[in-house]
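Just so it is clear, none of the values below were taken in a lab; they were calculated from the coordinates. No experiment lies behind these values; they were computed from the predicted model shown. In this analysis, Cβ positions are derived from the backbone assuming ideal geometry, glycine residues included, and neighbour counts consider all displayed protein chains.
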Amino acid sequence: MRVAIITESFPPEVNGVAHSVLRTAEHLVRRGHQPLVITPAPARGSSCPAHSFGPDATELPVVRIPSVPLPGYPQVRVALPSSRLGAALAAHRPDVVHLASPFILGARGMAEARRLDLPAVAVYQTDLAGYAQAYRVGGGLGAATAWHRIRSIHRAAARTLAPSTPAAQDLTAHGVPRVHLWPRGVDSLRFHPRHRDQALHRALAPGGEVLVGYVGRLAPEKRVDLLAGVAALPGVRLVVIGDGPSSGALRELLPGAVFLGRRTGEELARCYATLDLFVHTGPLETFCQTIQEAMASGVPVVGPAAGGPLDLVGHRRTGLLVAPRDARAVAEAVAELAADPARRTAYGRAGRADVRARTWDAVGDLLLRHYAEVVAEHRGEQFDPQVLAAQVLPAPVLPAPVLPVPAQSAPIVAPVEEQPV
């Protein structure tokens, strides 16, 4: 298949959408398909390394559309109107268009797909209505305006893919039709308990404290401020990994925490595995990949009982779910597990067992089935599973697509300007 992936975000940006698109494109190349990525260009001067996959090191073609920073959040780029989008689609001649978290560029991509009579799959990945409320965009009308735009884009798609059951239910409740589940994969070889580094643990928690970590963007919607109570717990050392517009304010709010900044690759895997407990505070997660990566690393989890974490965290089996936006509940859950190392170990093992089969290959093959069904429907043909089976490796571990939901190395040390450890 020829697939055009139109995404609001792509590396060098670091976020869930960019990572998911990169892994999707990689899987398509490895399966012998021909993807093209169309995305906003990063800030001038940013490095855009090429991505090559497969036994022949096939380079992924990427078309970057001129863009500007989003006001108030310069890390997010907004694509400007450009003829490059339509030209790229016409030149690639895709069988299907994949819209990743469509809103600005994705809306234009949807219009171009309809103009060219191409079937489109829209992947819902960001709670834009919730973000509008978190950033107080448009006053009280921000969320309603966001949902209006989401509906207009997703109703035009042949199929909408939601990452979690709560996200699918939310879409259906707001009038989006043809919703199916498509979760996210995790690299359970990269994120693995064997990467635990006792020397790193001693460096970050020299007093033998329980090491509690947050990994993710430092932005208002993530509510990292809710960790103030955790940072004050006796016998606990809080580590914050990530960067974003709230970094400065959080460093003042959490003076006893260690801020490691952004970490990637092997460094990030080692950080995860070295934690004794992972905590996530964002109430607007449609999936929450960092929770899944922590679980793959054998680390117990505390997360909000909202959105994607509801699908991921087995309450009192792999971690604890707490009321969203409740700082006291977060601190109490962390204190409960910090005092019980045996339960932390049991939860970590159970979490690892839960996610081991959620490979990107399995998730990618499930996406290929969604594509094949949509293409067959568009052509007025009967979907033939045998044709798809010939294009993929042995049957994926994940179940068949769900029916529409009725009415989610070198030692690492803290930067010198941080609090001493």
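Annotations
- In order through the range 59-64: 3J(HN,Hα) via Karplus (6.51 cos²θ - 1.76 cosθ + 1.60), integer Hz, x for Gly, Pro: 7, 6, x, 10, 9, 10
- The range 1-78, relative contact order in percent, only Cα pairs under 8 angstrom and at least six apart counted: 31
- The 3J(HN,Hα) values that the Karplus relation (6.51, -1.76, 1.60; θ = phi - 60°) gives for the range 13-27 are, in residue order, 5, 10, 6, x, 5, 4, 5, 5, 5, 4, 5, 5, 4, 4, 5 Hz. Gly and Pro appear as x.
- Segments 207-219, 191-203 sorted - mean Cβ within 10 Å per residue, highest first: 207-219, 191-203
- Counted charge near residue 194, where neighbours are those whose Cβ lies closer than 14 Å (Asp, Glu -1; Lys, Arg +1): +3
- The listed peptides 158-167, 226-235, 33-42, ordered by packing as a protection proxy, come out as 158-167, 33-42, 226-235 (highest mean of other Cβ atoms within 10 Å first).
- Pairs of C-alpha atoms in the chain farther apart than 39 Å represent 18 percent of all such pairs.
- The antiparallel fraction among DSSP beta bridges confined to the range 1-153 stands at about 25%.
- Computed [θ] at 222 nm, helices only, for the chain once each DSSP H run of length n ≥ 4 contributes -39500 (n - 2.57): -11000 deg cm²/dmol
- The peptide list 268-281, 246-259, put in order of mean Cβ contacts within 10 Å with the highest first, becomes 268-281, 246-259.
- Full extension of the chain segment joining residue 111 with residue 48 gains 19.9 nm, where the gain is 0.36 nm per residue of separation less the Cα-Cα distance.
- FRET efficiency for the pair residue 189 and residue 33, taken as 1/(1 + (r/R0)^6) with r the Cβ-Cβ distance and R0 = 22 Å, rounds to 0.40.
- Residues listed by number, the range 1-42, amide nitrogen under 11 Å from residue 379 label point at 7 Å toward C-beta: 1-2
- Per-residue extension of 0.36 nm, minus the Cα-Cα distance of residue 2 and residue 264, leaves a gain of 91.3 nm for this segment.
- Looking at the chain, the DSSP beta bridges with both ends there are about 10 percent antiparallel.
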